[in-house]
1. Past 32 Å, Cα to Cα, is the threshold; run 60/94; 38/60; 60/157; 85/157; 191/233 against it and keep the listed order.
2. Over all directions, average the projected area of the Cα convex hull of the stretch 124-241 and note it in nm².
3. Would you please report the Å³ per residue occupied by the convex hull of the alpha carbon atoms in the chain?
4. Would you report the distance distribution of C-alpha pairs in the stretch 153-312 as whole percents per 10 angstrom bin, up to the bin with the largest distance?
5. Across the stretch 136-144, in residue order, what do the Karplus-derived ³J(HN,Hα) couplings come to in whole Hz, using 6.51 cos²θ - 1.76 cosθ + 1.60 with θ = phi - 60° and x for Gly and Pro?
6. Apply the Karplus curve 6.51 cos²θ - 1.76 cosθ + 1.60, θ = phi - 60°, to the phi angles in the stretch 235-243 and return the couplings in whole Hz, x for Gly and Pro.
7. So which residue, out of 274, 125, 145, gets the largest mean-square fluctuation from a GNM of the chain using Cα contacts under 10 Å as springs?
8. Can you work out ³J(HN,Hα) from phi for every residue in the stretch 99-116, in order, using Karplus 6.51 cos²θ - 1.76 cosθ + 1.60 and θ = phi - 60°, giving whole Hz and x for Gly and Pro?
Amino acid sequence: LNTVIATLFILMVCGFICRKARIIDDAASKKMSELILKIGQPAMIISAISGAEYSNENLKSAGIIVILGFITYAVTALLAFFICKPFRNPDERKITEFSLIFNNCAFIGFPIFEALLPENGLFLASFYIISFNISMWTWGIVILARQRDDIKLTVKKAFLNFGTVPCVIGIFIYLLKAPAIGLELPNVLTKSLGYLSNLCTPISVLITGALIATRSAKQIFASWKLYFFCFVKLIALPLIICLLSKLLRIPNIYALFATAATALPTASTITMFAETYDLDSGYSSLTVGVSSLLSVLTLPLVLMLAQKILGT
């Protein structure tokens, strides 16, 4: 965990330096965001889902984790809506609400889930991405579209976007691996998707670092909103999910997974959306950057408390 966070921090510092040295400017940042949203992220989704090992037991677990993901996002979305009501600045309110709900379940999540559940953590994470992307590209867009005529969620956009379409493609390829069919992607396609997937982490974190460089030290370290946001995001919400899982008697492996997923820092996708839709990209980068840095302390603490609550 510490290695993952430290690596991301170094990449973020590189992005910060690149912005200060004018290697990355506004135009470059926006184009790289578009590259990740439209190329890198879809490739990562298809690669993660289609690359999972096929079995009937795995298929059952995949279904459970997708449903659990939707339930978790519904609960956090409801809580985030009321928590963010006092925010007066419309951009800050939308970005905070979005950032509270959607987590970095791929870039940071994959190695965390693999370490937490060595047997099937990575497999479950691959399918958790389905609920993440469908929720983000529907409810997430609804949040960002408030008071904006140029951002609209239609039925077409809800189902045909850069998050849901790759999910469908990934599931289709995964099902082709069933023994009755036994088809696998050609090695050249698998490698190509892997290379494109690998663009996501370095570029998105570089952009986050570059956007942080547009804010002053006072805006980064003296904002009570950021500390309040991080407390809710990294500690309060995951513990609420853990307690609800305990009350609903959800099996421990799934309850622990849902808690860990909720405790992850903010998805760097918000900085991509902020750049694309001309929101307050500087503030969005802070929700990603500060939550990523603090999660090195909060994530182990939350997981320890969750294991005690669940009795594992």
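1. Numbers: 60/94 35 Å; 38/60 30 Å; 60/157 29 Å; 85/157 27 Å; 191/233 35 Å.
Those over the limit are 60/94; 191/233.
2. 11.4
3. Considering the Cα atoms of the chain, their hull volume per residue is 131 Å³.
4. Calculated over all Cα pairs of the stretch 153-312, the distribution is 9, 25, 29, 28, 8, 1, 0 percent.
5. For the stretch 136-144, the Karplus-derived couplings read 5, 7, 10, 5, x, 5, 4, 4, 5 Hz, x marking Gly and Pro.
6. 10, 5, 4, x, 5, 5, 4, 5, 5
7. Result: 145 has the largest fluctuation of those listed.
8. 5, 5, 7, 9, 10, 7, 7, 9, 4, 9, x, 3, x, 5, 5, 5, 6, 6
No value in this document is a laboratory result; all are computed from the given coordinates. All figures in this text were calculated on a predicted structure; none of them were measured in a lab. We place every Cβ from the backbone using ideal geometry, glycine too, and count neighbours over all the protein chains shown.
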